[in-house]
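Colleague: Sending over a structure as structure tokens; questions will come in a sec.
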């Protein structure tokens, strides 16, 4: 039985994968963050019921998925998302945190190698969640140019990440 401190440490270490899983249900990162916070509070409150860390993580995924669906049903009157079967497949095949950490580190390193202009493009599109029309207007570019730049950036970052991961696994 993990102690409440261990539960908190485990959930915080798994924050990104859990939040991503909840976001696959909610299709809203901010709502997924809210669900994650609720799951953390409930997990600590029922700490004595978890036998292992794996048990905790399975419970957290299921409790978060159910809470997310409940919120969507209360807000929208229904849940129109991935089926239970698809969510079960996702949960079963969710990546190992060590692999995710290596990918995140590779991405962080690759982002430092792109131009400041491309970093601004990424920030506007993905961190501020602006659509491409807004990004084009803010950056003073044509929308087609933004689409092309994003496509090139995706390819460049993908190639960089794959190269870094291969280099890290070879050493």
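Rule-based calculations on the coordinates, nothing more; no lab input. What you see is a predicted model, and the numbers here were worked out from it, not measured in a lab. Backbone-built Cβ (ideal geometry, glycine too); neighbour counts: all protein chains shown.
Colleague: Quick one: if the Förster radius is 30 Å, what FRET efficiency do residue 156 and residue 12 give, using the C-beta to C-beta distance and rounding to 0.05?
Modeller: 0.40
Colleague: With runs of 4+ DSSP H residues as the only contributors, calculate the mean residue ellipticity of the chain at 222 nm using -39,500 (n - 2.57) per run, divided by the residue total and rounded to the nearest 500.
Modeller: Mean residue ellipticity at 222 nm (helix-derived): -24500 deg cm²/dmol.
Colleague: Take the Cα atoms of the chain, find their three principal axes, and give me the spread along each one in whole Å, biggest first.
Modeller: Result, largest extent first: 55, 50, 28 Å.
Colleague: Turning to a different aspect of this structure: Hey, any idea what the orientation-averaged projected area of the convex hull of the stretch 4-92's Cα atoms comes to, in nm²?
Modeller: Averaging across all directions leaves 5.4 nm² for the Cα convex hull.
Colleague: With every atom except the alpha carbons ignored, what do you get for Rg and Dmax of the stretch 97-170, in angstroms?
Modeller: 13.8, 44
Colleague: Next question, about the same structure. Hey, what angle do you get for helix 143-170 against the long axis of the chain, alpha-carbon based, 0 to 90 degrees rounded to 10?
Modeller: 60 degrees
Colleague: Something else about it: Would you mind checking the tilt of helix 97-111 against the longest principal axis of the Cα atoms of the chain, expressed as 0 to 90 degrees and rounded to 10?
Modeller: In the chain, helix 97-111 runs at an angle near 20 degrees to the longest axis.
Colleague: Evaluate the distance, in nm, between pseudo-label points positioned 7 Å from the Cα of residue 115 and of residue 145 along their respective Cα→Cβ axes.
Modeller: 1.0 nm
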